[in-house]
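Notes follow the structure.
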Amino acid sequence: MFDRARLRLTFLYTAFLAVTVVVLGAALYFASRYAFDDEIDDSLAESRSEIENLSNDQLLATLGLGAQAADDPILGTEELEDEDEGEQEPASLEPGIFLVLTTEEGRVVANPLRVELEDLNFSELVQDLGEGEHVEEISGDEGQFRFDTSLLPGERVDADEDFYLHVGRSLAPRNEQLDRLLLIVLVGGALGIALSVVGGFVLSGRALVPIRDAYDRQTRFVADASHELRTPLAVIQANNEVLLRNRQQSIDENLEHVTAVEAESEHMSKLVGQLLTLARADEGQLELSRSEFDLSEMLRELARDMAPLFESRELDLQVELNAAAVSADQGLVRQVAMILLDNAATYTPAGGVVRLASDRTGRWVRFAVSDSGPGIPLEERGQVFDRFYRVDKARSREQGGTGLGLAIAQSIVELHGGSISLEPADGMGSTFAVRLPVA
């Protein structure tokens, strides 16, 4: 189940990243292309404006028409053949800009920089100009070009007909940069997606760790709860069968079986109550009735109430409490302290010592229960707050333990914003410490 979920998460992560890479790559590519074209259009428009502001003689020189023969069939330049001494210098253009002069039919009249343009259809540019388009792209065998086209009256070049001036730039540099950008995007995107597959597989595995742990704990919890309920139910059923077989006998004659049914019923009732408490805590439905009270006074009263239990087990209960006020649910905090004291009484052999202490450190109030029992093995210390965990399973079961006490205590303490821990011990015994915020 989790392997399938891990693969699904990896696929979704990779698909999301792939879509992101495609969208960002496309946006970057077209934004760059727009920026390049915008820069090209600005340079073409600026050059066209400069050309239009030239004098007729300088325009002819710039177009390379200043030395036209007198019998030119298109341009009437007879008056220029004796004016070499006053010939104008051609205007300087931006690098990459070139000029082309054509007729309405698209025939090239002037191409001063002799750019290879034989296969370009300039008549399309003339037609687009009639539709209001100034800047257009056309392609041919020699490459792709962008032109800013405008009408050039014939009198500007001493001709009887109008011409069309095309200010152009080759798009080869732009295309080269766009191709390089596209290659970077494709290679980078492919590598990113490949890495995302590996990274997604690793990250999804890590993301599923707490879910897997929670699922395992829940499964183990259900199994343990079923086991804990099965045992008292089996005992109750077995004793009831004996009672049914001995219907003619009195209760006194079957007192042992009746007592066993009662004991197991009480154990099962306690277990069900604890399970409900944990379920409410897990769902966040364990409500707190906060009030401000002196923790030391509450603990002193609890120690007094539980003193007979310790006396019956021949245990010495020592109390060392310092006054400290907390704002908490007094009943629930009392339950936590009772769980810790009951555990200490259960696992401490006769003649041992149990110590209850409290003090205040900074903004925390701490109370701890220590015992002189056998302690908890180092390898099992991380499991003491697990549900249904018991250090001595057989002994706890005989004394009515369910293995839920510390789990309930932890839920209550954390609900108050505090912490509970098993402190390191150098020798025998255990110390459970609870920290709660001061009032």
For region 250-269, name all the residues that are of a type outside the set (G, A, S) and either under 16 Å from L332 (Cα atoms) or open to solvent by less than 80 Å² (accessible area, probe 1.4 Å) (or both). N254, H257, V258, T259, V261, E264, H267, M268
So R4 clears everything in (1) exposed (fewer than 13 other Cβ atoms within 10 Å of the Cβ); (2) more than 30 Å from I211 (Cβ to Cβ); (3) not acidic (D, E) except one condition, right? Which one? (2)
Within the bounds of region 1-18, is there any residue that is in a helix (DSSP H, G or I) and either modelled with pLDDT of 90 or more or over 38 Å from the mean Cα position of the chain (by Cα) (or both)? no
Suppose we filter region 37-55 for residues that are open to solvent by less than 60 Å² (accessible area, probe 1.4 Å) and in a helix (DSSP H, G or I); how many remain? 10
Out of (1) open to solvent by 80 Å² or more (accessible area, probe 1.4 Å); (2) over 56 Å from the mean Cα position of the chain (by Cα), the odd one out for R180 is which? (2)
Any residue in region 414-426 that is closer than 20 Å to E314 by Cα, at pLDDT below 85 and acidic (D, E)? no
Residue satisfying condition, being touching a His at 6+ places or on another chain (Cβ under 6 Å) and open to solvent by less than 70 Å² (accessible area, probe 1.4 Å), within set A303, A324, A328: A328
Return the residue satisfying two criteria in turn: it lies in region 283-299 and is touching a residue at least 60 places away in the same chain (Cβ under 8 Å) and open to solvent by 30 Å² or more (accessible area, probe 1.4 Å), and of such residues it is nearest to Q318 (Cα to Cα). E292
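Farther than 30 Å from F98 by Cβ, open to solvent by less than 30 Å² (accessible area, probe 1.4 Å), assigned to a helix (DSSP H, G or I) and not hydroxyl-bearing (S, T, Y): is that true of G199 in this structure?
yes
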Based on what the data block shows, is D329 under 30 Å from A439 (Cα atoms), among the acidic types (D, E) and more than 40 Å from the chain's Cα centre (by Cα)? no
When region 95-126 is checked residue by residue, the ones that are modelled with pLDDT of 85 or more, loosely packed, with under 13 Cβ neighbours inside 10 Å and of a type in the set (D, E, K, R) are E105, R107, R114, E116
Is there a residue in region 276-290 that is under 19 Å from L415 (Cα atoms), among the small types (G, A, S) and assigned to a helix (DSSP H, G or I)? yes
Between residues in region 235-262 that are without any contact (Cβ under 8 Å) to a residue 12 or more places away in the chain and residues that are open to solvent by less than 90 Å² (accessible area, probe 1.4 Å) and part of a helix (DSSP H, G or I), which pairs lie under 8 Å by C-beta distance while being six or more apart or on different chains? N246/N254; I251/V258
Which of the residues that make up region 297-325 are in a helix (DSSP H, G or I) and of a type in the set (A, V, I, L, M, F, W, C)? M298, L299, L302, A303, M306, A307, L309, F310
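The values are calculated or read from the model by the stated rules, or taken from the named source; none is laboratory data. Just so it is clear, the structure is predicted and the values come from calculations on it, not from any experiment. Every residue, glycine as well, gets a Cβ built from its backbone with ideal geometry; the counts of neighbours run over all protein chains shown. With ligands, DNA and RNA removed, areas are computed over all heavy atoms of the protein, side chains included. Shrake-Rupley method; radii C 1.70, N 1.55, O 1.52, S 1.80 Å.
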